[in-house]
1. Can you tell me which of ALA109, ALA16 is at pLDDT below 95, among the small types (Gly, Ala, Ser) and not in a strand (DSSP E or B)?
2. So which of VAL65, VAL103 ends up being in contact (Cβ under 8 Å) with a residue 12 or more places away in the chain and assigned to a strand (DSSP E or B)?
3. Consider PHE134 carefully, then state whether it is of a type in the set (Phe, Trp, Tyr) and at pLDDT 65 or above.
4. Out of (1) closer than 25 Å to GLY14 by Cα; (2) under 14 Å from the mean Cα position of the chain (by Cα); (3) surrounded by 16 or more Cβ atoms within 10 Å (Cβ to Cβ), the odd one out for PRO105 is which?
5. More than 16 Å from TYR4 (Cβ to Cβ), in contact (Cβ under 8 Å) with a residue 40 or more places away in the chain and not assigned by TED's automatic domain parsing to the domain that holds LEU48: does that describe ALA78?
Amino acid sequence: MTRYTPSRIYWIAGGAGYLLAAITAWLGLAWTPAFVAAVLFLGSSTLLALLSMRPPIEVRRDRLVIGDEMLAWDEIRAIERTGWDAPLIVRLHLADGSRKLLVFPGDPAACKQLLRQLQKFSRRAAAGHAGRLFSGRSSSQPEVEMPSARYPLLREEDEAEVERLYQRLKSVGHIDPKSPADEN
C-alpha cells in the first residue's frame with residue numbers, strides 16, 4: 001500500500017496568501033485600488049488552502065482509496081490526463097459510465113509516481129476479465145493474438161553475412177580455425 005498526502009507547500013502558500021491579502025486590504029484603506037490585489041490574494045489563498053485539505057489517496061493492490069471512497073481497479077476503465085501535473089488532476093472513467101475527477105496536490109515527484117501507479121494498476125485490471133467486458137467481447141470468445149511487429153535491426157547485406165557466419169558455425173562447430181598454439 002502506498003499513501004499519498006497533500007504537500008505542506010499548499011498550506012504554507014495559502015497562509016502566505018492570507019497574510020498578503022490582509023496587508024493589501026490594510027493598504028487599500030489609504031489607496032482604494034489595492035483592494036483588487038487583496039481580493040485576488042484572498043481568492044488564490046482560499047484555493048490553495050482548499051487544495052491542502054484534500055483527503056489522502058491510498059493505492060492498494062486491489063483498490064484505490066480516496067478519503068472514504070473506495071474504487072476497485074476493475075471499475076476504472078480509462079485515465080484521462082489534463083494539462084495539470086502538479087497538482088495532479090486526472091479524470092477517471094468508471095465502468096458504470098460515470099467520471100470521477102481526481103485531484104492530488106502533491107509535489108511533482110509524488111504526482112508522477114501516483115500517475116504511474118494509477119496507469120499500471122488500472123491497465124492490469126483492464127487487461128483481465130474486466131477489460132474483455134469493456135471491449136465488448138464475451139469471455140467465451142477466444143482472444144486473437146496479433147503477431148508482433150518485426151523491426152529490422154540490420155541491413156539486408158548485414159543479415160546475409162550474419163546468416164552465413166551462423167551456418168558456418170553450425171557446420172564446423174566454431175568460426176575461427178584453431179591453431180596448434182591455442183590447443184595448449
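The values are calculated or read from the model by the stated rules, or taken from the named source; none is laboratory data. Just so we're clear, the structure is a prediction, and the values are computed from it rather than from any experiment. When we count neighbours, we look across all protein chains shown, and the Cβ atoms used for this are built from the backbone with ideal geometry, even at glycine.
1. Going through ALA109, ALA16 in turn, just one is at pLDDT below 95, among the small types (Gly, Ala, Ser) and not in a strand (DSSP E or B): ALA109.
2. Matching residue, one of VAL65, VAL103: VAL103.
3. Numbers: of a type in the set (Phe, Trp, Tyr): yes; at pLDDT 65 or above: no.
Taking the combined requirement at face value, the residue does not satisfy it.
4. Exception for PRO105: condition (2).
5. Values: more than 16 Å from TYR4 (Cβ to Cβ): yes; in contact (Cβ under 8 Å) with a residue 40 or more places away in the chain: yes; not assigned by TED's automatic domain parsing to the domain that holds LEU48: yes.
Yes.
For every residue, the table says whether it meets (1) outside the structural domain of PHE121 (by TED's automatic domain parsing); (2) surrounded by 14 or more Cβ atoms within 10 Å (Cβ to Cβ); (3) at pLDDT 95 or above.
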residue: SER7; (1), (2), (3): yes, yes, no
residue: TRP31; (1), (2), (3): yes, no, no
residue: ASP62; (1), (2), (3): no, no, no
residue: ALA95; (1), (2), (3): no, yes, no
